[in-house]
Each structure stands twice: as structure tokens, then as C-alpha cells.
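Notes for the one structure printed next.
The values are calculated or read from the model by the stated rules, or taken from the named source; none is laboratory data. Please read all numbers here as calculations on a predicted model, not as lab measurements. Quick note on the areas: whole protein, heavy atoms, side chains included, nothing else; ligands and nucleic acids left out. Shrake-Rupley method; radii C 1.70, N 1.55, O 1.52, S 1.80 Å.
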Amino acid sequence: MNPQFGLLNVWAQGDGVTRAVLLILLAMSLASWLVILFRLLDLRRLSAQARTTEAFWHAKDIGQGLTVLGQDGDSPFLALALEGQKAAAHLQAGAGTSQPELHQSFDFSDWVTRSLRNSVDDSTARMQSGLAILASAGSTAPFVGLFGTVWGIYHALMAIGMAGQATIDKVAGPIGEALIMTALGLAVAIPAVLGYNALVRGNKQVIAKLNRFAHDLHAYFVTGARVGPGSSSKPGN
């Protein structure tokens, strides 16, 4: 490739708008890859934590079950179990008071359900953090690159017109450099879109497991037994 043409030459010969477009695309790319990397590591950690829920139901008591869930550090499944335990204990502790509190107007099952649902919603919001960056990069990067291309072609044609030389060798280089911007926009957008779709699919799987665990916890705190094939296995038996 002629050293007078290429991406480095676009940066060296470009004006402030061209350089701003390149910097924006670079920032989008770095942000997208960082989000993809860290969220994939989080999904791997969450998937491992989800596998500990079955061991929770085979624990001797609720304390040992919570210890099993908490082995991998910060776990939404541990937070869910703690929230359910706290809600059940709080309601049972207030049942013997002479003056009923506001929460006692709720049915026991409804109170536990609300507490578990709030915990699931909080965990879901944390899992979805960063996805907006990928969605924004995937939807806007092609247009940012296209804007850089249009701007580059405009200035290339203006320079060729002022020079009075319209031969193919004078036109192909600058126009080709301008088209690089469109390619860069697509190079940023495609990984962002693929990463977004992969993370959304992974989050749905974890959230489904979280909801199933919440359903089992609700049954345990309300009835004292887990619903389903494993109903005979419960902490405290």
C-alpha cells in the first residue's frame, strides 16, 4: 500500500471533524469490548452460582444452605434467600405485637412474594448494566462511520477540484480513505450487536433460574417444603 494513503494518512491529513469521528469510533469500540468481556465473566460466575442452588436444598439447615450459596462471593441467589428469610422472620416477629404494623395487613404469602420479587428485580437490573452501551454502539456506529465517509468524500472532491486534476489515481486514493470510515463503523457495530444478543440470551437463562429459585423459596418459607420433585429435600430437615 502506498504510504501516502491509509488510516494513518487519514488521521494526519484529516481535519478536526475527521479526527473526532475516529476518536468516537475508537471510544465506542473500547467501551463495547470492555462491556462484553466483563459481562461474559459475570455470566460465567452467575452460571456457576446457579448450580449451587441444588446443594442449598440438600443442606441440613437454612444456615448451612446460605453458606453453600455464599461460597462464590456476591451471589444474587444468596441475596434472594436472605431477603426471603428476612421477610419471613420480620413478619413472624411482628405477629405477636399488640399493635399491628402496616406490613401485617399483607397476607404472609404476599409479603414474602413482594420481598422475593424486589430482590429478583434488583439482580436483573444489575445483570443488564452495560447493555445500553452495546445497544447504542450497535445502532449508531454505522451512521457515525457513514458521516465520516461523507465528510471525507466532500473534502477529497473539494481538494481535487481546487487542484484541477481529476485522474483516477488522484480520485481513488482520497475516496478510498473516506470509505474506510464506513468500514470502521461496521467493525464497531457488528461485535456490539453480537455481544448484546449473546448477553441478553445469557441473562435470560440466569433470570429464569433465579425466578425458579424464588418460586421454590416462596414455597419453602410459606409451607415449609420445596415444590416439585425435590420437595422432600429442604433446609432444616
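Accessible surface for Asp121 stands near 80 Å², nearest 10, in the context of the full protein assembly shown (1.4 Å probe).
Top to bottom by accessible area (1.4 Å), largest first, where do Ile207, Ile24 land? List each step's numbers first, then the result.
Working: Ile207 35, Ile24 80 Å².
If we order Ile207, Ile24 from most to least accessible, we get Ile24, Ile207.
Heavy-atom accessible area for Trp111, with the other protein chains in place and a 1.4 Å probe, reaches approximately 50 Å². For the set Lys204, Lys209, the ranking by accessible area, highest first and with no ligand, DNA or RNA atoms included, is Lys204, Lys209 under a 1.4 Å probe.
Which sequence of Phe38, Phe108, Phe213 reflects their accessible areas, 1.4 Å probe, from the largest down? Mind dumping the intermediate values first?
Values: Phe38 115, Phe108 55, Phe213 5 Å².
Per-residue accessible area, sorted high to low, gives Phe38, Phe108, Phe213.
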